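Peer 1: Structure provided below as structure tokens; questions to follow.
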Amino acid sequence: KVSAEVVRDFTVGSQAEGCVADDETAALYVAEEDVGIWRYNAEPDAAPDRVAVDSTEGGRLTADVEGLGLFAGPDGTGYLVASNQGNDNYAVYRRESPNEFVGFFAVVANDALGIDGVSETDGLDISGAALGPGFPQGVFIAQDGRNISPAERQNFKLVPWERIATVLSLRPPAPAPATRP
């Protein structure tokens with residue numbers, strides 16, 4: 001049996017789309033679709049106060065803000081990545097407070113391999129674990145909401161983390177060890 005007990009609730013304000021919890025830094029990040037990204041204290045007894053990480057009004061994001069993921073490096077370092085669906089790209093922030101903006105990246109088509117780019121991403125995930133020769137420093141996974149070539153339903157695209165790190169000149173956190181379920 002599985003059971004749960006509500007220990008806290010709060011109001012986001014409008015449509016919450018994605019969230020990711022950072023156990024190590026006790027942060028909960030919530031993407032509010034037309035507004036931006038918020039950081040809450042994730043402790044059960046914390047106040048409902050929140051801090052804006054970035055916004056669609058006067059910030060760098062374009063609505064809809066959707067999925068969120070963490071690339072966790074050692075000692076609370078790493079990166080928060082958000083689906084910036086309105087621009088078909090991804091915003092990257094430093095994991096450590098105050099979540100400094102690093103840059104944007106997009107997953108583009110590779111015509112030689114017959115792979116289209118990524119657009120309309122609702123959800124994403126990231127692992128920093130070494131996952132074999134194809135993903136030695138981890139993987140970024142994005143839901144691709146619209147496939148053009150070939151014209152098919154949505155699917156998922158996997159990108160080696162080191163490609164993103166190279167494009168954005170990210171400092172290379174030590175990869176986490178691979179885990180088994």
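Peer 1: Scan segment 27-47 for residues that are free of Cβ contacts under 8 Å to residues at least 24 places away in the same chain and farther than 15 Å from residue 93 by Cβ and jot them down.
Peer 2: 41, 42, 43, 47, listed by residue number.
Peer 1: Okay, next question. Just to be sure I understand the filter: pairs with C-beta atoms under 9 Å, separated by 6 or more residues or on different chains, first member in segment 15-26 and in contact (Cβ under 8 Å) with a residue 24 or more places away in the chain, second member open to solvent by 70 Å² or more (accessible area, probe 1.4 Å) and part of a strand (DSSP E or B). Which pairs pass?
Peer 2: So the pair list comes out as 20/125.
Peer 1: Here's another thing I want to ask about it. Can you tell me which residue within segment 92-126, out of those that are of a type in the set (Gly, Ala, Ser) and in contact (Cβ under 8 Å) with a residue 40 or more places away in the chain, is most open to solvent (accessible area, probe 1.4 Å)? Lay out the reasoning, then the answer.
Peer 2: In the first step, residues of segment 92-126 are kept if they are of a type in the set (Gly, Ala, Ser); the result is 97, 103, 106, 109, 112, 114, 117, 119, 123.
Next, only the ones that are in contact (Cβ under 8 Å) with a residue 40 or more places away in the chain stay: 97, 103, 109, 123.
On the way: 97: 83, 103: 9, 109: 55, 123: 29 Å².
Result: 97.
Peer 1: Residue 27 fails exactly one of the following numbered conditions: (1) open to solvent by 50 Å² or more (accessible area, probe 1.4 Å); (2) in contact with a Lys or Arg (Cβ under 8 Å, 6 or more places away or on another chain). What is the number of that condition?
Peer 2: So residue 27 meets the others, but not (1).
Peer 1: Just checking: which of the strands (runs of 3 or more DSSP E) contained wholly in segment 1-110 hold 1 or more residues that are of a type in the set (Phe, Trp, Tyr)?
Peer 2: Fully inside segment 1-110 and qualifying: 27-32, 36-41, 65-72, 78-84, 89-94, 101-105.
The values are calculated or read from the model by the stated rules, or taken from the named source; none is laboratory data. Keep in mind it's a predicted model, so treat the numbers as computed, not measured. Note: ideal-geometry Cβ built from the backbone for every residue, glycine included; neighbour counts use all protein chains shown. Heads up: the accessible areas ignore ligands, DNA and RNA and are worked out on the full protein's heavy atoms, side chains in. Shrake-Rupley method; radii C 1.70, N 1.55, O 1.52, S 1.80 Å.
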